[in-house]
1. From the P(r) of the chain, can you give the percent of Cα pairs sitting at distances over 21 Å?
2. Based on the mean of other Cβ atoms within 10 Å per residue, sort peptides 42-52, 26-36 so the most packed one is first.
3. Which of the listed residues, V128, A226, A142, is farthest toward the dipole's positive end in segment 125-246, when Lys, Arg count +1 and Asp, Glu count -1 at the beta-carbon?
4. Taking a probe of 1.4 Å, how large is the accessible area per residue of segment 1-44, in Å²?
5. Give me the distance between the Cα centres of segment 83-142 and segment 11-34, rounded to whole Å.
6. By its C-alpha gyration tensor, with a ≥ b ≥ c as the square roots of the eigenvalues, how is segment 177-252 shaped: rounded for a/c under 1.5, else prolate for a/b larger than b/c, else oblate?
7. Return the carbon/sulfur percentage of the accessible area of the chain, one whole number, probe 1.4 Å, all protein chains in place.
8. Just name one of A193, V79, Q216: the one whose Cα is farthest towards the positive end of the charge dipole of the chain (beta-carbon charges, Lys/Arg +1, Asp/Glu -1).
Amino acid sequence: MTGFVSLVGAGPGDPGLLTLRGLRALQEADVIVADRLGARAVLDGLAAEGVTLDAEIVDVGKTPGHHAVPQDAINELLVTLAQDGKRVVRLKGGDPYVFGRGAEELEHCRAHGVDAEIVPGVTSAIAVPAIAGIPLTHRGIATSFTVVTGHDQIGEIGGGRDHTVVLLMGVGTLAHSAMVLARGERGADCPVAVVEDGFGDGQRVTIGTLASIAHQAARRKVRSPAVVVVGDVVALSVYAPEELRASVPASS
Ligand code: SAH
């Protein structure tokens, strides 16, 4: 009998932000194929809370000094395990469909006759700013948001400071992204926050402006994973300096 693949979003790394449906899938799994970012932290967190999982865990994420398993090999692995009759959970950081290649994995399984489902997760794009006290929209301050990677064409993002920009995988390209965004309607003094290792032991928030953030990040040796937030909503953060906080109404 052919098994089944469940693509589960692990959330940003705190087991409390895994969905109940995701937890059930983990408890019923024979094998868990886990990413490092988010997924590993959730498995460790569940174990620390006394939740035992019977499944074998296969780590396919990048660890320092080791390369990640290539995407093709992951796709193959999911199909092979399911064809062996295993119930497989593919545990991915955040939400599988937000810069997570979830649709590719689902498609690959189905194309090979393997039944597969998606269990959405809490994306870091929203949850990591939230843990720093930054809402992506706020009445009177921001009415929309865009999530992009540091590699995308950020020059094409329109709007001003009331249109929040969230950058994932944006640490390496931060200086360039900030420069490009500063040239647009947002301007050089638009607030920016960088939230490193959200929900993890290394959680740290750096706040500046589009003009200053690259320098601040370099000085503080900001590292990946981090979520970058650009827009006036940054002023609502509990970590924002007093003058910045005073510049926006808390609610309107
Ligand atoms: N599918 C994932 C995103 C994958 S891209 C999701 O929905 O969250 C990986 C990027 O996500 C990282 O480079 C970083 O920008 C962000 N990220 C994921 N978890 C994070 C965390 N705990 N803290 C800070 N950034 C995180």
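1. Values: 18711 of 31626 pairs.
Tail fraction, whole percent: 59.
2. Values: 42-52: 14.0, 26-36: 20.6.
Sorting 42-52, 26-36 by mean packing, highest first, produces 26-36, 42-52.
3. So the residue furthest toward the plus end is A226.
4. Values: 1830 Å² over 44 residues.
Per residue, segment 1-44 has 42 Å² of solvent-accessible surface.
5. Between the Cα centres of segment 83-142 and segment 11-34 lies a distance of 12 Å.
6. Working: a/c = 1.97, a/b = 1.17, b/c = 1.68.
Oblate, since a/c reaches 1.5 and b/c is not below a/b.
7. Details: 6400 of 12270 Å².
Ligands and nucleic acids excluded, carbon and sulfur give 52 percent.
8. Of the listed residues, the answer is Q216.
The values are calculated or read from the model by the stated rules, or taken from the named source; none is laboratory data. Bear in mind the structure is a predicted one, so any value in this text is a computation, not a measurement. When we count neighbours, we look across all protein chains shown, and the Cβ atoms used for this are built from the backbone with ideal geometry, even at glycine. Just the protein is used for accessible areas: all its heavy atoms, side chains included, with ligands, DNA and RNA removed. Shrake-Rupley method; radii C 1.70, N 1.55, O 1.52, S 1.80 Å.
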